[in-house]
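Report on the following structure.
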Amino acid sequence: MTRQSDFLGIKELKLLSPRQRGELHRALEELLTCDVRVQAQALDCLVKMDAHRRSPLAIAILGNRVIERNRSIRARIISLLADTLRVNERSERSASKVLEVLHDILSGLGEREVRALIELVNANASMLDPVCAILDQCSASGQILVEVVTRSDLKLSLRIAAADVIAQVGFLEAEQPMKMFERRLSDRSTRQLAMDFASQTREEAEKLVPVVRRTLQALEEAAF
């Protein structure tokens, strides 16, 4: 059966050859060390081999490093995972076995993983696109992101980053809880506007209400 991708001239990459396994295994072992310099070199090696697109083993290990402790290494891993999901500039898509493994991993992301991804967006706005590409593969991430936005014990910048991801991906299931949160914020701000002890509440409303409204507008546009 001919697939539509064939008509578009998109080719599927082949899996890595057996003779490349030794180099692949060495790079993956180095990736699992605690030395950031060694980890960075290992990622360079994997990229050179196109292993994130051509090796189910490589993508399985990379996909399970979403919560990598070092933020710079975590950001590189997330960028590689996002690249794996896309057709590259040579009109090549990742091997089907690689995509299958990656989809299985990303569909099971939980709160800890989603928070680790949002931290990247909070630290560097350029990570928004790759993080959105990853979270778009996880049906549970919309609800988790709403919980992040509405938690008053988290940093405002982190909550804003979560709202930005909701808006860009277009998680339609977030629309109703975000509307309820916007009303709650607005009502609370109005009631406590003149109270000195409510300065923290006012700051929360002043910074979050515009963001939430912008997110709601994006969700409304995504529904059409």
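Where the second residue is among the small types (Gly, Ala, Ser) and the first is crowded, with 20+ Cβ neighbours inside 10 Å and lies in segment 166-181, which pairs have Cβ atoms under 6 Å and are six or more apart or on separate chains?
Listed by first residue and then by second, the contacts come to Ile166/Ala174; Ala167/Ala218; Phe171/Gly142; Ala174/Gly142.
Does Asn124 satisfy the criteria of being assigned by TED's automatic domain parsing to the domain that holds Glu12, within 15 Å of the chain's Cα centre (by Cα) and surrounded by fewer than 18 Cβ atoms within 10 Å (Cβ to Cβ)? Explain how you work it out, then say what you get.
Working: assigned by TED's automatic domain parsing to the domain that holds Glu12: no; within 15 Å of the chain's Cα centre (by Cα): yes; surrounded by fewer than 18 Cβ atoms within 10 Å (Cβ to Cβ): yes.
Here the answer is no, as Asn124 does not meet what is asked.
List the helices (runs of 4 or more DSSP H) that sit entirely inside segment 7-57 and contain at least 3 residues that are without any contact (Cβ under 8 Å) to a residue 60 or more places away in the chain and among the acidic types (Asp, Glu). Steps first, please.
Details: elements: 21-31, 36-49, 51-54.
Per the criteria, 21-31.
Can you tell me which residue is nearest to Arg71 (Cα to Cα) among those in segment 116-155 that are part of a helix (DSSP H, G or I) and among the hydroxyl-bearing types (Ser, Thr, Tyr)? Full working, then the answer.
Restricting attention to segment 116-155, the residues satisfying the condition of being part of a helix (DSSP H, G or I) are 116-123, 125-135, 141-150.
Filter once more, keeping what is among the hydroxyl-bearing types (Ser, Thr, Tyr): 126, 141, 150.
Details: Ser126: 14, Ser141: 20, Thr150: 24 Å.
Only one residue fits best here, namely Ser126.
The values are calculated or read from the model by the stated rules, or taken from the named source; none is laboratory data. Fair warning: this is a prediction, and the values are worked out from it, not measured in the lab. Quick reminder, even Gly has a Cβ in these numbers, built from the backbone with ideal geometry, and neighbours come from all protein chains shown.
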